[in-house]
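To start, the structure itself, in structure tokens.
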Amino acid sequence: MSHFATIVRVPGDPILGLMDAYRADSNPAKLDLGVGVYKDAQGLTPIPRAVKLAEQGLLQSETTKSYIGGHGDALFCARLAQLVLGVDNPLLQERAAASQTPGGTGALRLAADFIGRCLPNRGIWLSDPTWPIHESIFAAAGLRVGHYPYVGADNQLQVETMLEALNQVPKGDVVLLHACCHNPTGFDLTPRDWKRVLEVVKARELLPLLDFAYQGFGDGLEQDAFAVRLFAAELPELLITSSCSKNFGLYRERTGALLVCAESADKLQDVRSQLAFIARNLWSTPPAHGAAVVASILDNAELKRLWMDELEAMRQRVVSLRLGLVQALQPYGLAERFAHIAQQRGMFSYTGLSPAQVQQLRDKYSVYMVGSGRANMAGLAAQRLDQLARAIARVCI
Ligand code: LMR
């Protein structure tokens, strides 16, 4: 008897699968705009100098490899919570805290299982479209998954339709909102829009889960935290998932956190006891290295300054690539059609290219992007803008 005989193959991950296809392509002029990874002008994903220096310090000072406990590295959690909520946020005295997780994805899974276990019968509402892994993580946790409109077929942000839909969400359900640098579209809400969303959240008594994976890649470290801090100030309860993958360049170290804001110090401890229990069953204790690196950087004024400068340089580079691509499309009469690329925020751009055009770009020009038309603008190099514009023009005109 074969135990595995009935097992069928499932399709590969739509984003990570592109990495393999790209590696297998022998065209020297290939372009990787798939997975959300920052690349420098040489096409490399650098380790920030601040990270290297922190790692050198850790190599000397680290004295043990013993477990770091259910909520992870305490210094990392404290400093990351300050980065997210603001250094002097009074919530941090006793009503808010972070639990370290393996990356932002781990934080989402922890949040999903927490909702499934502790808030039974609550549905979760995701933007349409959203990061595909949101769909599978919450489904895997057994939650009822619904959608609210976000970007329509015309590739425009639909704030009014979004608000109308959120107004219909059953009271008490959870709503996942991308705090900045919306993945996959790159279209972000304005501060005014956020205030309107907040009013609906209050009226419907929804529990927001803010996914905050790109702090520092949109308008800047503090500016990107606008929605998170607004919601934390105005609501008694909130969940926030934070990732250090992109802003610290720690992708493979799996470094992130789930932050909880609760109504009281006592309730926060109740929630955290549940998170520790769930985490113990998922990954036991989180990996130490990335968190120790982040803690060393955020706890040292000099390293923190260096890291902030490096992050700002990455952010500005992506902004200039966005502008550069629109300019490079000008000779083909496509600058207006793709003007939104310069307005979007963060790593990703919903280009508006159709799945067939994306496939053509890949087959004919070795340009790799997600089938939805999402391009990782942070994967581009300035000297390749003309090449990309030419390929886009060929599939569009
Ligand atoms: C992406 O959307 O490309 C990134 O968030 C990386 C990932 O894990 O999918």
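If P331 meets every condition in (1) within 24 Å of the chain's Cα centre (by Cα); (2) more than 22 Å from L258 (Cβ to Cβ) apart from one, which number is that one?
Checking P331 against (1) within 24 Å of the chain's Cα centre (by Cα); (2) more than 22 Å from L258 (Cβ to Cβ), the one that fails is (1).
Please find, within the stretch 188-227, the residue that is surrounded by the fewest Cβ atoms within 10 Å (Cβ to Cβ) out of those that are within 15 Å of the ligand (Cβ to nearest atom), assigned to a loop (DSSP other than H, G, I, E, B) and hydrophobic (A, V, I, L, M, F, W, C).
Restricting to residues being within 15 Å of the ligand (Cβ to nearest atom), assigned to a loop (DSSP other than H, G, I, E, B) and hydrophobic (A, V, I, L, M, F, W, C), the top hit is F217.
Looking only at the stretch 344-397, count how many residues are outside any helix (DSSP H, G or I) and among the acidic types (D, E).
Result for the stretch 344-397: 0.
Under 6 Å between Cβ atoms, at least 6 apart or on separate chains: pull out the pairs that start in the stretch 123-134 with a residue that is outside the structural domain of L108 (by TED's automatic domain parsing) and end on any residue that is open to solvent by 10 Å² or more (accessible area, probe 1.4 Å) and within 14 Å of the ligand (Cβ to nearest atom).
Correct list of pairs: empty, since none qualify.
Does G116 count as part of a helix (DSSP H, G or I) and away from the ligand (no atom under 16 Å from the Cβ)?
For G116, the condition - part of a helix (DSSP H, G or I) and away from the ligand (no atom under 16 Å from the Cβ) - is met.
Give the number of residues within the stretch 27-62 that are part of a loop (DSSP other than H, G, I, E, B) and either more than 16 Å from the ligand (Cβ to nearest atom) or over 26 Å from P14 (Cβ atoms) (or both).
Of the residues in that region, 13 qualify.
Quick check, is D13 surrounded by 13 or more Cβ atoms within 10 Å (Cβ to Cβ), away from the ligand (no atom under 16 Å from the Cβ), of a type in the set (D, E) and assigned to a loop (DSSP other than H, G, I, E, B)?
No; evaluated as a whole, the condition is false for this residue.
Where the second residue is hydroxyl-bearing (S, T, Y) and within 16 Å of the ligand (Cβ to nearest atom) and the first is within 20 Å of V358 (Cβ to Cβ) and lies in the stretch 1-29, which pairs have Cβ atoms under 6 Å and are six or more apart or on separate chains?
Once the first residue is within 20 Å of V358 (Cβ to Cβ) and sits in the stretch 1-29, its partners that are hydroxyl-bearing (S, T, Y) and within 16 Å of the ligand (Cβ to nearest atom) give L18/Y368; Y22/Y368.
Going through the stretch 85-105 one residue at a time, which ones are closer than 16 Å to L210 by Cα and either within 16 Å of the ligand (Cβ to nearest atom) or part of a helix (DSSP H, G or I) (or both)?
Selection gives L85, T101, G103, G104, T105.
When residues of the stretch 252-305 are filtered for being of a type in the set (A, V, I, L, M) and part of a loop (DSSP other than H, G, I, E, B), how many remain?
2
Hey, could you check the stretch 345-368 for residues that are in contact with a strand residue (DSSP E or B) (Cβ under 7 Å, 6 or more places away or on another chain) and not aromatic (F, W, Y) and say which is surrounded by the fewest Cβ atoms within 10 Å (Cβ to Cβ)?
S366
Could you check, for the stretch 119-127, whether at least one of its residues is open to solvent by less than 20 Å² (accessible area, probe 1.4 Å) and within 16 Å of the ligand (Cβ to nearest atom)?
Yes, that holds for at least one residue.
The values are calculated or read from the model by the stated rules, or taken from the named source; none is laboratory data. This is a predicted model, so every value here is computed, not measured. For neighbour counting, all protein chains shown are included, and Cβ atoms are generated from backbone atoms with ideal geometry for every residue, glycine included. In case anyone asks, the SASA skips ligands and DNA or RNA and just uses the protein heavy atoms, side chains included. Shrake-Rupley method; radii C 1.70, N 1.55, O 1.52, S 1.80 Å.
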